[in-house]
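Encoded as structure tokens, the structure appears first; notes follow it.
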Amino acid sequence: IGAGEFVGRLGPNGAGKTTAIGILTTRVRPTSGKAMVGGADVVDDSVRVRQTIGVVPQRPNADLSLNVLENLQFHAAYFGIPLDVATKRALWPLERLGLSDMAGAEMSVKAGGQRQRIMIVRALMHEPDIIFLDEPTVGLDPQARLGLWDILRDLDDRGRTIVMTTHYMDEADRLCDRL
């Protein structure tokens, strides 16, 4: 996958889409072969890989003891981003995804689709060069889905490399450079 390319991965359940994303994002250790992300080996240089990527997992994995904004600030702190910068970075995508009024709300009371939108914002907090999205629109309402598409188009226009798995052919067709 070339720098700045938007690639979609399609396939039925069990085809290995999530496993491939897991290997490329260093969450799953490969049993053989070699995988490189941003010029770094996912096994030998996993720290460098994680510094250059943003990940939207298939299932939201936010800290339920924190509120929405605190989750985003905590994730940004992991990448050395100061609190004031993290707060500013969180507000724009929260607004684009219809969540700005929920910044102070507890994660534990958010619906699944809302949690997924928050995971999308979290993946963008450190402005990664490469973004992996594992079925990011599953469970999103149509308005939130279109809001995410707008954000992904903007990231694509700004030269980000995006790898996305999806079951939606229309989504892949409208967003991706290649499948």
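The values are calculated or read from the model by the stated rules, or taken from the named source; none is laboratory data. Because the structure is predicted, anything quoted here is derived from the model rather than measured. Methodologically, a virtual Cβ is constructed for each residue, glycine included, from the backbone with ideal geometry; neighbour enumeration extends over all protein chains shown. Remember, those area values only see protein heavy atoms, side chains included, never the ligands or the DNA or RNA. Shrake-Rupley method; radii C 1.70, N 1.55, O 1.52, S 1.80 Å.
Of all residues in region 130-151, those being open to solvent by 50 Å² or more (accessible area, probe 1.4 Å) and assigned to a loop (DSSP other than H, G, I, E, B) number 3. Right, residue 79: out of contact with any helix residue (DSSP H, G or I) (no Cβ under 6 Å at 6 or more places or on another chain), open to solvent by 40 Å² or more (accessible area, probe 1.4 Å), within 18 Å of residue 52 (Cβ to Cβ) and among the hydrophobic types (A, V, I, L, M, F, W, C) or not? It is true that residue 79 is out of contact with any helix residue (DSSP H, G or I) (no Cβ under 6 Å at 6 or more places or on another chain), open to solvent by 40 Å² or more (accessible area, probe 1.4 Å), within 18 Å of residue 52 (Cβ to Cβ) and among the hydrophobic types (A, V, I, L, M, F, W, C). For region 98-124, filtering for residues that are surrounded by fewer than 13 Cβ atoms within 10 Å (Cβ to Cβ), closer than 22 Å to residue 58 by Cα and in contact (Cβ under 8 Å) with a residue 24 or more places away in the chain leaves 2. Confirm whether residue 93 is in a loop (DSSP other than H, G, I, E, B) and within 24 Å of residue 1 (Cβ to Cβ). The answer is no for residue 93. Restricting 137, 166 to those that are within 18 Å of residue 58 (Cα to Cα), modelled with pLDDT under 90, more than 10 Å from the chain's Cα centre (by Cα) and not charged (D, E, K, R) reduces the list to 137.
Applying the set (1) modelled with pLDDT of 90 or more; (2) touching a helix residue (DSSP H, G or I) at 6+ places or on another chain (Cβ under 8 Å); (3) in a helix (DSSP H, G or I) to residue 30 leaves exactly one unmet item: (3). Scanning region 51-87 for residues that are part of a helix (DSSP H, G or I), among the charged types (D, E, K, R) and within 16 Å of residue 120 (Cα to Cα) returns a single hit, 70. Among residues of region 152-179 that are open to solvent by 40 Å² or more (accessible area, probe 1.4 Å), those with a Cβ under 7 angstrom from a residue that is small (Gly, Ala, Ser) and assigned to a loop (DSSP other than H, G, I, E, B), sequence gap 6+ or separate chain, pair up as 159/4.
The number of residues in region 1-50 that are free of Cβ contacts under 8 Å to residues at least 60 places away in the same chain, under 12 Å from residue 132 (Cβ atoms) and open to solvent by 80 Å² or more (accessible area, probe 1.4 Å) comes to 2. Against the test of being open to solvent by 50 Å² or more (accessible area, probe 1.4 Å), at pLDDT below 90 and farther than 22 Å from residue 25 by Cα, the options 95, 127 yield a single qualifying residue, 95.
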